[in-house]
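One structure is given here, and the rest of the page talks about it.
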Amino acid sequence: MDLLNTLVDKGLRRESPSRAEALAVLATSDDDLLDVVTAAGKVRRHWFGRRVKLNYLVNLKSGLCPEDCSYCSQRLGSTTGILKYTWLKPDQASEAAAAGLAGGAKRVCLVASGRGPTDRDVDRVSDTIKAIKEANEGVEVCACLGLLSEGQAERLREAGADAYNHNLNTSEATYGDITSTHTYADRVDTVQKAHSAGLSACSGLIAGMGESDEDLVDVVFSLRELDPDSVPVNFLIPVEGTPLAKEWNLTPQRCLRILAMVRFVCPDVEVRIAGGREVHLRTMQPLALHLANSIFLGDYLTTEGQAGKADLEMIADAGFEVEGADQVTLPEHRASAVVSGCGSAENAGCGSHEGTGGGCGSHEGGGVCGSVPAAASAAKANEARTDLVAVRRRGAGTDLAPNA
């Protein structure tokens, strides 16, 4: 396929595809899916080999959020029965992080619900960062606390943070349909503040909220312009009790096309499969490793993920290897410009608090241009798979061992 050959050549040169080319990836048929994965896989292997970076989430403060992000189980007015607790103490957070690090994670993502941190909150998180780094030599720490005020990114950097996550989530044109309590511009501003403070910037998207192909391409091109080191791709989990609870429109094939498009647009960036891979990719998760070079290990913030042991077995069975703590994630031309790569916060509620655990795809039920097979059509829009969603009841903030 001429399109895929062109995209591979551009990816190897770090050249951006055109919008039309990016849209064409999303419009490919299921018959061409393996060709798309193979082509994007060449770009992934060129820049990242067969390494898979593992990241581990610690939810420092769960629920209790004043923002109204439609995808988020921690949002104001949510009736989802999630865990709710205020700030973990530094030793509690360090203990929670240890479980993921023991499982092979090299980065800990510290996430807290809310619009953004107060200065006192930054002090709390700074103490937590120091506790984790003192107990674990070489660990990377990413903070994800929402909208930042002036000087807060610098304080986190001084405390030892390596990265800051704040997702754009969706296109600027549709952002107001998803959230009303803050703006798309607020999110862009926070990513720029992280950049300016010398933190490795991480910013991504949530697919599956009813957006169009054009919206997906818009947000990914906006991310390329912001130039984060890491782009987490979250796949909406439509959790009961949130406004998007019935947005079950996605297929594994659609997820793979989205990941491939992100890889072509951001060829040398850490692309992370974040929330929702288990729910929407399901048995096709191993194929996604040919597109993304980073995943979360174990559970998410408010929903349960695949068991950590199963994650490790999947990586090995697919012929990939876990990236070691002594290995540099980013290609040399990027790594020389930053201290380290970047983390994510799964579904990033308010730019910080994950939201729902992830989901994937678009509003068309998994395909365009007549590409949806009969089997997919039978399981399309609004047919909820609540059996695939489990609210987290273990790990940080509980007395039960984490799923790491």
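The values are calculated or read from the model by the stated rules, or taken from the named source; none is laboratory data. Everything quoted here is computed from the prediction, not taken from an experiment. Note that we place each Cβ from the backbone using ideal geometry, even for glycine, and neighbour counts take in every protein chain shown.
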Could you tell me whether segment 94-101 includes any residue that is out of contact with any helix residue (DSSP H, G or I) (no Cβ under 8 Å at 6 or more places or on another chain), of a type in the set (D, E, K, R) and closer than 22 Å to residue 67 by Cβ? no
Can you name the residue in segment 244-302 that is among the hydroxyl-bearing types (Ser, Thr, Tyr), surrounded by 24 or more Cβ atoms within 10 Å (Cβ to Cβ) and at pLDDT 95 or above and, of all such residues, is nearest to residue 404 (Cα to Cα)? 294
Based on what the data block shows, is residue 6 surrounded by fewer than 21 Cβ atoms within 10 Å (Cβ to Cβ), over 19 Å from residue 146 (Cβ atoms) and either β-branched (Val, Ile, Thr) or at pLDDT below 95 (or both)? yes
Here is a check on your reading of the model: is residue 162 surrounded by 22 or more Cβ atoms within 10 Å (Cβ to Cβ), more than 21 Å from residue 66 (Cβ to Cβ) and more than 15 Å from the chain's Cα centre (by Cα)? yes
Answer with yes or no whether residue 15 is over 20 Å from the mean Cα position of the chain (by Cα), outside any helix (DSSP H, G or I) and free of Cβ contacts under 8 Å to residues at least 24 places away in the same chain. yes
In a loop (DSSP other than H, G, I, E, B), surrounded by fewer than 16 Cβ atoms within 10 Å (Cβ to Cβ) and either modelled with pLDDT under 50 or of a type in the set (A, V, I, L, M, F, W, C) (or both): which single residue out of 384, 345, 404 fits that description? 384
Please go through segment 184-210 and give me each residue that is assigned to a helix (DSSP H, G or I), among the hydroxyl-bearing types (Ser, Thr, Tyr) and under 18 Å from the mean Cα position of the chain (by Cα), ordered by number. 184, 190
Taking the stated definitions as given, is residue 57 touching a strand residue (DSSP E or B) at 6+ places or on another chain (Cβ under 6 Å) and not polar (S, T, N, Q)? yes
Subset of segment 51-93, residues of a type outside the set (Val, Ile, Thr), surrounded by fewer than 23 Cβ atoms within 10 Å (Cβ to Cβ) and modelled with pLDDT of 85 or more, comes to 51, 66, 68, 70, 85, 87, 88, 89, 90, 91, 92
Inside segment 67-175, counting only helices (runs of 4 or more DSSP H) that do not spill past its ends, which hold 3 or more residues that are of a type in the set (Val, Ile, Thr) and closer than 25 Å to residue 297 by Cα? 119-135
Could you tell me which of the residues 99, 112 is under 21 Å from the mean Cα position of the chain (by Cα), surrounded by fewer than 24 Cβ atoms within 10 Å (Cβ to Cβ), at pLDDT below 95 and among the aliphatic types (A, V, I, L, M)? 99
What tally of residues in segment 224-243 results from selecting those that are surrounded by fewer than 24 Cβ atoms within 10 Å (Cβ to Cβ) and at negative phi? 5
Take segment 129-180 and flag every residue that is charged (D, E, K, R) and touching a helix residue (DSSP H, G or I) at 6+ places or on another chain (Cβ under 7 Å). 130, 155, 172
I'd like to verify a number: residues in segment 184-206 that are surrounded by fewer than 19 Cβ atoms within 10 Å (Cβ to Cβ) and closer than 14 Å to residue 219 by Cα, how many? 2
What are the residue pairs meeting all of these: first residue in segment 273-285, first residue more than 17 Å from residue 71 (Cα to Cα), second residue hydrophobic (A, V, I, L, M, F, W, C) and part of a helix (DSSP H, G or I), Cβ atoms under 6 Å, and 6 or more apart or on different chains? 273/288; 281/255; 281/288
Please specify each residue of segment 116-151 satisfying the condition of being touching a Pro at 6+ places or on another chain (Cβ under 6 Å) and surrounded by fewer than 24 Cβ atoms within 10 Å (Cβ to Cβ). 127, 131
